[in-house]
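What follows is calculated from the coordinates using simple rules that are stated; it is not laboratory data. This one's a predicted model, so the numbers in the text were calculated from it and none came from an experiment. With ideal geometry, Cβ positions are generated from the backbone for all residues, glycine too; neighbour counts draw on all protein chains shown.
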């Protein structure tokens with residue numbers, strides 16, 4: 001049985017979680033209706049976090065692409 005995605009690719013899992021948070025914040029009516037400083041700052045922080053995670057994803061993606069499951 002395969003390990004959960006979070007165990008196999010933790011950086012990718014963190015990245016996906018942050019993307020969901022950014023999407024939820026961007027869809028929030030307060031974000032679209034006005035210049036809500038705290039909401040915009042939250043999105044900026046999430047975006048900065050995503051940038052850092054994406055920079056660390058390269059080795060993880062290479063490992064996933066090169067992974068060849070053993071055939072029984």
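Summary of values
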read-out: Estimated distance in nm for a label pair at residue 37 and residue 25, the labels positioned 7 Å out from Cα along Cα-to-Cβ; value: 1.6 nm
read-out: Packing-based exposure ordering (other Cβ within 10 Å, fewest first) of 14, 44; value: 44, 14
read-out: Residue exposure sequence - 51, 28 - by fewest surrounding Cβ within 10 Å; value: 51, 28
